[in-house]
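Enquirer: Okay, here's the structure, questions in a sec.
Every read-out reported here was derived from the displayed coordinates using simple, explicitly stated rules and does not represent laboratory data. Predicted model only: the values in this text are computed from it and were never measured. All Cβ positions, even for glycine, are placed from backbone atoms using ideal geometry, and neighbour counts span all protein chains on display.
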Amino acid sequence: MKTVIINQARMTSTRLPGKVLKEVMGKPLLEYQIERLKRTKEADEIVIATTINIEDEPIVELCKEHDIPFYRGSEEDVLSRYYEAAVLRGAEIIVRVTSDCPIIDPRVIDKVIKTYKENTDKYDYVSNTLERTYPRGMDTEVFSFRALEEAHLNAQMLQEREHVTLYIHKRPEKFRLGSVKYIRDASRFRWTVDTEEDFILISEIIKELYPSNPFFTLEDCLELVRRKPELTEINKHIRQKGE
């Protein structure tokens, strides 16, 4: 079954506009993430799902520069953007990641995909976000095209159109849901970029790890913050939007 990573990205973030193209060591965050997504072994293709807004033209240009497929759809109706991108690329299994997770570990993505593929008789949707044990910033969701299509055709609430999988994981009576957990609870760590403090932390992690090992892992990040606990202080007061 064709497995497609669909990565949603836009420039008009309310808390930190332009965050996906903010640069660390002369390279935009989205480029770091694309490098990492290309390392996945369980996915066949990567698509950047951006919007038709003129503000998102720089994202399109970056995709063209790196020969990454892209799709431009609605800014507000992200569910329709995902569905249309999936149809266009012939996706049978959809892997959802978001561009505010630039240091996501491809091995984590592969683990969630593999769990789904090995349990298609049990699950319609598998993620490491239903029960948080991974650091925020490793978020990966995997689901069938059928589940995405059903959500797209039936979701009515604004929140369900804005948050792609909300319709699915709020209906466990309709969709079979599976969780992937880390070996221990590392959910207190926040490695996503939503605010300036988040960006400062991610910048520090990249500067510390990338030069000697461009494909640093989740475990490398954990070891870094163990050695330098002051890094975690940078954004520990930040609360996820909507929480």
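Enquirer: If you build a Gaussian network model of the chain, linking Cα atoms that sit under 10 Å apart, which residue out of Asp110, Asp139, Asp67 swings the most?
Expert: Asp67
Enquirer: Using the Cβ atoms and a cut-off under 13 Å, what net charge is assigned to the surroundings of Pro211, where Lys and Arg are +1 and Asp and Glu are -1?
Expert: That works out to -1.
Enquirer: Now for a different question. More than 22 angstrom separation, counting every C-alpha pair in region 1-102; what % is that?
Expert: Looking at region 1-102, the distances longer than 22 Å represent 22 percent of pairs.
Enquirer: For region 31-83, what class follows from the C-alpha gyration tensor (a ≥ b ≥ c being the square roots of its eigenvalues): rounded when a/c is under 1.5, otherwise prolate if a/b is larger than b/c, else oblate?
Expert: oblate
Enquirer: What is the extension gain from Arg184 to Glu92, computed as 0.36 nm multiplied by their sequence separation minus the C-alpha to C-alpha distance, in nm to one decimal?
Expert: 30.0 nm
Enquirer: I've got another one for you. Among the lysines, select those whose C-alpha is under 21 Å from the C-alpha of Lys111, and discard any that sit fewer than 8 residues away in the same chain.
Expert: Leaving aside lysines fewer than 8 places away in the same chain, those within reach of Lys111 are Lys2, Lys38, Lys41, Lys122, Lys181.
Enquirer: Evaluate the Debye formula for region 108-243 with equal point scatterers sitting on the alpha carbons, no solvent, and hand back log10 of I(q)/I(0) at q = 0.15, 0.17 Å⁻¹, in q order, two decimals.
Expert: The Debye formula, applied to the Cα set alone, gives -0.84, -0.99.
Enquirer: State, as an integer percentage, the relative contact order of the chain based on alpha-carbon contacts under 8 Å between residues 6 or more apart.
Expert: RCO, the chain: 20 percent.
Enquirer: Could you order peptides 213-226, 192-205 by the average number of other Cβ atoms within 10 Å of their residues, highest first?
Expert: Per-residue mean Cβ counts within 10 Å order the peptides as 192-205, 213-226.
Enquirer: Still on this structure: Just to be sure I understand, if you calculate Rg/Rh (Cα atoms, Kirkwood Rh) for this structure, which of [x] 0.94; [y] 0.99; [z] 1.03 do you get?
Expert: [x]
Enquirer: Also, quick follow-up: Mind running the shape call on region 75-120? Use the C-alpha gyration tensor, a ≥ b ≥ c as the square roots of the eigenvalues: rounded below 1.5 for a/c, prolate if a/b tops b/c, oblate otherwise.
Expert: Oblate, because a/c is 1.5 or more while a/b does not exceed b/c.
Enquirer: Over every pair of different alpha-carbon atoms in region 171-243, take the mean of 1/r and invert it; report that Kirkwood radius in Å.
Expert: 14.2
Enquirer: What helices in the chain pass both tests, a Cα length along the helix axis of 15 Å or more and a mean Kyte hydropathy of 0.0 or higher, using whole DSSP H runs?
Expert: Span-like helices here: 78-89, 196-209.
Enquirer: Placing unit charges on C-beta atoms (Lys and Arg positive, Asp and Glu negative, everything else neutral), compute the dipole magnitude of the chain about its Cα centre in debye, rounded to 20.
Expert: In debye, rounded to 20, the chain gives about 700.
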